[in-house]
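Engineer: Could you have a look at this structure, given as structure tokens, before my questions?
Read the figures in this text as sums done on the coordinates, not as results from a lab. Not measured: the values here are computed from a predicted model. We place every Cβ from the backbone using ideal geometry, glycine too, and count neighbours over all the protein chains shown.
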Amino acid sequence: MKMIIIIVKDNDADALTQAFTAASFRVTRVASTGGFMRSGVVTMLLGVEDEQVDAAIETVHTALPPKVDQKRATLFVVPVHHYEQI
């Protein structure tokens, strides 16, 4: 299992959340601040099986097409050693 952490600007968060839910991914959104001038950003957390990582990343690419000289998202894929729901 992997945890995908995605950091996007506030104005891209809704489109990405809708894309994830349409692709049957469960996503948790956390409001945060950071970057230049402490601009508003959203951190998204997705827990996915190993074979779903590429599909989740492709969802980001589809929902947030690149703009010239502008990064739209920062992604981290982290291994999950233990997962439990209580």
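Engineer: Among Ala22, Met1, Phe76, pick out the residue whose Cα is farthest towards the positive end of the charge dipole of the chain, where Lys and Arg carry +1 and Asp and Glu carry -1 on C-beta, about the Cα centre.
Structural biologist: Phe76
Engineer: In whole Å, largest first, what are the principal axis extents of the Cα atoms in segment 47-86?
Structural biologist: 43, 17, 15
Engineer: Next question, about the same structure. Less than 19 Å from a label point 7 Å out along the Cα-to-Cβ axis of His82: which backbone N atoms in segment 45-72 qualify, by residue?
Structural biologist: So the set is 47-48.
Engineer: If only Cα atoms are counted, what is the Rg of the chain, and what is its Dmax, in Å?
Structural biologist: According to the Cα coordinates of the chain, Rg and Dmax are 13.1, 45 Å.
Engineer: Once both axes come from the Cα atoms, what is the angle between helix 53-63 and the longest principal axis of the chain, in degrees from 0 to 90, rounded to 10?
Structural biologist: Here the helix axis deviates by roughly 30 degrees.
Engineer: Right, here's the next one. Tell me the angle of helix 10-22 to the major Cα principal axis of the chain, expressed in degrees between 0 and 90 and rounded to the nearest ten.
Structural biologist: Approximately 30 degrees, to the nearest ten.
Engineer: Here's a follow-up. Quick one: putting +1 on the C-beta of Lys and Arg, -1 on the C-beta of Asp and Glu, what dipole do you get for the chain around its Cα centre, in Debye to the nearest 20?
Structural biologist: So the dipole magnitude of the chain works out to roughly 400 debye.
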